[in-house]
Amino acid sequence: MSHDGLGPCFSQIEIKNPYDESQPLSKQKQGILDIRAKDKLTGIWIDLEMEASAYTYYPNRSLYYLTGMYRDQLPKGKDNYYDLRPCFGIHLLMSDIFFGEDCTDWFHHFGLLNHKTHKQLNNHLELYYVELKKFKNEVEKKTIEWGELEQWSDYIARPQNPSKSLPEYLKTNSEIKEIHHMLRTFTQNDQLQEQYRLQEEWLRVQRTEEYAKQKLLQDYHHALKMKEQAEKERSQAFFILQKKNVALQEKDTALQEKNQEIIRLKQMLESKLDGTTS
């Protein structure tokens, strides 16, 4: 992950939880990919996860997993803190978890920093989040500057057909070409192909459910906005009505005063007329 120039470089990766093809896919599990690995040369640990449907407390969960990986490096009876090696959590997310005007970026890198100087404490706990939905939106807006991270994000974010060749803008990445070839070989195995098909179908269902959830959320916010607008208009109308009512009352009071003045003047006139007659 080198989007900001601070990412780790891995050379010889050892998978600590290899994929077990005998296990059926669980519809209850939201993760598409969950790999714990270790770089043989540097001893760096990696927690790589891909999630179809993240949630608001996902950052808490990812940090919990990462600190657990860090803590597990020193089992009971081993207390040499010098042996502790960096742990990196890399999370590829199909849905967004960061919202707000200051969270429009699709790539997020978190580490241990001094709040005032931003100086790094060390690189032992670092988290990377790639929000693929935001990434695809940026691709559609044509604001992406293509690098290795962007190429990988694009390859992962979109359904791949191993029988078809890669898009031209991905063919420059030799690692992606190798993976695409491996995927083609992978799907030629009947059992693996069926699992791949089921996984793709499950992922499609997850995306549909996520879209439905987002649509429902949008409809809710729209209805809430319309309700607030209606209440605002009602308040404005009530205020205008109150002002009109006050104005009407003032006019009525003025009219009554005029009537009283007319009656008084009439009485004075009648009194003078009576005096003249006598």
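The values are calculated or read from the model by the stated rules, or taken from the named source; none is laboratory data. It should be emphasised that the depicted structure is a prediction, and the values quoted were computed from it without experimental measurement. Every residue, glycine as well, gets a Cβ built from its backbone with ideal geometry; the counts of neighbours run over all protein chains shown.
Here are some notes:
- Among the residues of segment 55-87, just one is of a type in the set (Gly, Ala, Ser) and either more than 21 Å from Asp34 (Cβ to Cβ) or not in a helix (DSSP H, G or I) (or both), namely Gly77.
- If you go through segment 176-196 and pick out every residue that is modelled with pLDDT of 70 or more and closer than 22 Å to Met94 by Cα, you end up with 4.
Here is a yes/no grid of residues against (1) among the acidic types (Asp, Glu); (2) modelled with pLDDT of 85 or more; (3) more than 24 Å from the chain's Cα centre (by Cα); (4) within 20 Å of Ala157 (Cα to Cα):
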| position | (1), (2), (3), (4) |
| --- | --- |
| His3 | no, no, no, yes |
| Lys16 | no, no, yes, no |
| Gln23 | no, no, yes, no |
| Asp34 | yes, no, no, yes |
| Tyr55 | no, no, no, yes |
| Gly68 | no, yes, yes, no |
| Pro75 | no, no, yes, no |
| Leu93 | no, yes, no, yes |
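- A Cβ distance below 6 Å, combined with a sequence gap of six or more or placement on separate chains, defines the contacts here; from segment 158-180, residues that are surrounded by 11 or more Cβ atoms within 10 Å (Cβ to Cβ) reach residues that are of a type in the set (Val, Ile, Thr) and at pLDDT 90 or above in the pairs Leu170/Ile176.
- Condition met for Asp154 (in contact with a helix residue (DSSP H, G or I) (Cβ under 8 Å, 6 or more places away or on another chain), acidic (Asp, Glu) and surrounded by 17 or more Cβ atoms within 10 Å (Cβ to Cβ)): yes
- Set side by side, the residues Thr143, Thr117, Thr104, Thr185 differ, and just one is surrounded by fewer than 14 Cβ atoms within 10 Å (Cβ to Cβ), touching a residue at least 12 places away in the same chain (Cβ under 8 Å) and more than 24 Å from Asp39 (Cβ to Cβ), which is Thr104.
- Segment 112-162, residues that are under 30 Å from Arg85 (Cβ atoms), polar (S, T, N, Q) and outside any strand (DSSP E or B): Asn114, Thr117, Asn122, Asn123, Gln151, Ser153
- Condition check for Ile90: touching a strand residue (DSSP E or B) at 6+ places or on another chain (Cβ under 9 Å), surrounded by 13 or more Cβ atoms within 10 Å (Cβ to Cβ), of a type in the set (Val, Ile, Thr) and not in a loop (DSSP other than H, G, I, E, B): yes
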